[in-house]
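Worksheet: one structure, shown below.
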Amino acid sequence: MQALILFKKNMHPSVLNWLRSFLPTQGYVDRFERMRGSAGALFGLVLTGSVTYLILGDGVGTAWLIAPMGASSVLLFAVPSSPLAQPWSIIGGNLLAAIIGITCAKLLDAPVLAAGVAAGLSIGAMFWFRCIHPPSGAVALTAVLGGPVIHDMGYTFVLAPVLLNSVLMVLSALFYNNATRRPYPHRPQPAADQPRKHETTDAAPTERAGITAQDLDEVLKRYNQVLDISRGDLEAIMLQTEMQAYRRQVGETTCATIMSKDVVTAEFGTPLAEAWQLLQRHDLTALPVIDRGRHVIGIITKADYLAHAEAQTHEGLGQRIAHLIRPSQLSHTEKQEVVGQIMTREVITAQATQSIVDLVPLMSNQELHQVPVVDAKGQLVGILSQSDLIAALYETTMAERHLSN
């Protein structure tokens, strides 16, 4: 033991770091995820082998489950979000590798040379057709080194068992992963694909600050290596990490800390004229609409008044708006309208205990000027505006700058 300690002390740091690179990296998945992947491989391989056996039978020289499917099961069930584990990767990669492997076995007499050429050409073909699947390299070697049984099958080996096994494994992964609430095929949603409110070419406000899609593209070009993660997932992880770092920097300032608690509200049956007077008197742009239990059932904004007035085409716009906000303008046959008729029913709310950092992309990208704040029971306890959020973030930044100085 003492000799080992002395050896480590005398070892050059670069050598020690190189040796540490052989150690396994830290895992971040929980016990359920590990069990889900293991059970999925069991399910997929047994199903694939059984169905292939029923289709091909147990005749002499029949190969009903090839070894590379074991490696494919690791990707399909343990890391189904990997670009290497998607349906086209396994089906296209295995199909190309099988064709190339059989061809090399027929054209080259030297098995070792044929194996090397088959693997190399398979990798090139997978790059070209964008279907990189590591187990496909083993499919190419199986086609070359599988022995007389495989060689006698010829190109039939491409269809069965390779293509048949591949399709059955993909079908198994489709069923099992989705049944266990793991979406497959994996469909990342890049930030750049988020809908833009104004239908312009400008990116969302949060995409124009900090790490941008262009920054990521430039770094990936310089990195120039295949990553076992989709670009969309990588971008999402980086943005979430950026938000987590910012949350740590500003501290856990919650909505309850900075929200306005004296909230001006309306009810479903509040006349539109009365609600408009509240908006004008308190210089507001929106009123939360609550029920008798103070649960938020909607929100009414000045934009709702305009949208409702524009929907009525029997008179001029100005006259229609006047009818909404001045009951005296109504005729004896017209009935006064209430808030519940024109309010926005789908309301985005925040929890009182929620960090204000979570509201930055929400209020900036969706341009929400006010967000009602509710407690654990869903009752309205306050409202948070863009001004409140900007002031809190400014104070936090200034406090950090003061401490650093």
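Could you tell me the calculated FRET efficiency between GLN277 and GLN366, based on Cβ-Cβ distance and R0 = 22 angstrom, to the nearest 0.05?
Details: r = 28 Å, r/R0 = 1.26.
After rounding, the FRET efficiency stands at 0.20.
Each listed q (0.09, 0.10, 0.18 Å⁻¹) maps to a log10 I(q)/I(0) for region 31-179 from the Debye sum over equal C-alpha point scatterers, namely -0.26, -0.33, -0.98.
In order along region 361-378, the phi-based Karplus estimate (6.51 cos²θ - 1.76 cosθ + 1.60, θ = phi - 60°) of 3J(HN,Hα) comes to x, 5, 7, 7, 6, 9, 6, 7, 7, 9, 10, x, 10, 10, 8, 5, 8, x Hz; Gly and Pro are listed as x. Treating r as the C-beta distance of GLU242 and TYR53 and R0 as 41 Å, the FRET efficiency rounds to 0.20. Highest mean packing comes first when the peptides 222-231, 171-180 are listed by Cβ atoms within 10 Å, giving 171-180, 222-231.
Residue order for LEU159, LEU272, fewest other beta carbons within 10 angstrom first, comes to LEU159, LEU272.
Among 41-47, 382-388, what's the highest-first ranking by average C-beta atoms within 10 angstrom per residue? Present the calculation step by step, with values, prior to reporting the outcome.
Numbers: 41-47: 18.0, 382-388: 20.0.
My ranking of the peptides, most packed first, is 382-388, 41-47.
When Lys and Arg each count +1 and Asp and Glu each count -1, what net charge do the other residues less than 15 Å away from ARG345, Cβ to Cβ, add up to?
Numbers: positive: none; negative: GLU267, ASP291, ASP304, GLU346.
Counting the neighbours of ARG345, the net charge comes to -4.
Protection proxy ranking of 283-295, 232-244, 81-93, by the mean of other Cβ atoms within 10 Å over each peptide's residues and highest first, is 81-93, 283-295, 232-244. In this structure, TYR394 and LYS302 have a Cβ-Cβ separation that, at R0 = 25 Å, corresponds to a calculated FRET efficiency of about 0.40. Here's how it looks for PHE268: its modeled amide H is under 5 Å from those of ILE290, which are all 5 or more places away or on a different chain.
Quick one: length gained pulling HIS295 to GLN225 fully straight, 0.36 nm per residue minus the C-alpha distance? Each step should come with its number before you reach the end.
Working: separation 70, 0.36 × 70 = 25.20 nm, distance 5.24 nm.
Result for the pair: 20.0 nm of gain on full extension.
No lab work stands behind these numbers, since they all come straight from the coordinates. Since we're looking at a predicted model, the values are computed, not measured. Counting neighbours? That spans all protein chains shown, and the Cβs are built from the backbone with ideal geometry, glycine included.
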